[in-house]
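A.B. asks: Structure incoming, see below.
No lab work stands behind these numbers, since they all come straight from the coordinates. In this text, all values refer to a predicted model and were calculated from it rather than measured experimentally. Note that we place each Cβ from the backbone using ideal geometry, even for glycine, and neighbour counts take in every protein chain shown.
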Amino acid sequence: MAEDIGVYVFCCIQATEEKSFGTIEFEGEEREVFTVHYKDAAMVAVEAPVKIYHPKKKAIMTHQQVISRVMKKESSVVPISFGNVFNTKEDTQVLIENLYPQLEKLFGEVRNKIEIGLKIVGKREWLEKQIHQNDRVKKKKETVANKSEAAGYFDRIQLGEMARNFFTTIQKEIESSIHAPLDQLAEASQLNDTIGEKMLLNGAYLIDRDKEEAFDRKVNELHDRWKEYVDFKYTGPWPAYNFINIKLKVEAS
């Protein structure tokens, strides 16, 4: 049985005339990337099967690739969350009409803006050296080592808490030394939850395209200052994922 073909959406731009953004391999076929319009708002989309789209790595990368391509040509790009497909272009136009009051405001907020991501990951040797130099932690470790497993149970709990508190102190230092000067160059910033044992910072920064070079210089300056202790994971430019709250929840029918 043939699949129903609908309209899969990637992002929204401010445009009154129909636009094409080339073709993309999507669901095993080469498909044209086009626009669906309402007033001066347009969804960037492809024709694709109407179904549930699972967030697999290749599919997510394709979604991001299309948005990145659009960003190179358009000044106002509002990202749409992965996996949204509508039955018809008419349904897509209804969506844009319903979102239009939000989009009208967002176009101005994201015009000529890009998002930059920065993750700071502590080098294991440096983190271990820092915590081993802490007198309170050293004394508690000695206490635990001199007790049996049963007798040292609560001491081990306290040692774990002391280690977490010490790690939090290092995170605060990174926020003050790295995040704060970058925040001053950004239009807006957001600190997201860190992931794993060694991540010290997970930041997102909304910056004006005209300030991208200055922002890069500051990141490079901070990297040179901290490179012996931490690794920088610098990504972008992205659309303003962390600064826009449009997440559609659409079920195929």
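A.B. asks: I need the calculated FRET efficiency for the pair LYS123 and MET61, taking r as the beta carbon distance and R₀ as 35 Å, to the nearest 0.05.
C.D. replies: For LYS123 and MET61, the calculated efficiency is 0.75.
A.B. asks: Farthest toward the dipole's positive end in the range 70-127, which of GLY117, MET71, PRO101, given Cβ charges of +1 (Lys, Arg) and -1 (Asp, Glu) about the Cα centre?
C.D. replies: Result: GLY117.
A.B. asks: Turning to a different aspect of this structure: Rounded to whole Å and sorted largest first, what semi-axes of the equivalent ellipsoid does the C-alpha gyration tensor of the range 1-139 yield via the square root of 5 times each eigenvalue?
C.D. replies: Taking √(5λ) for each Cα gyration eigenvalue gives 40, 20, 14 Å.
A.B. asks: Once the other residues with Cβ under 12 Å from the Cβ of LYS19 are scored (Lys, Arg +1; Asp, Glu -1), what is the net sum?
C.D. replies: Every neighbour counted, the sum reads -2.
A.B. asks: Related question: Counting Lys +1, Arg +1, Asp -1, Glu -1, what net charge surrounds GLU32 among other residues with beta carbon under 12 Å of its beta carbon?
C.D. replies: The answer is -3.
A.B. asks: Between VAL94 and ASN192, 0.36 nm times their residue separation minus their Cα-Cα distance comes to what?
C.D. replies: Going from the current span to full extension adds 32.0 nm.
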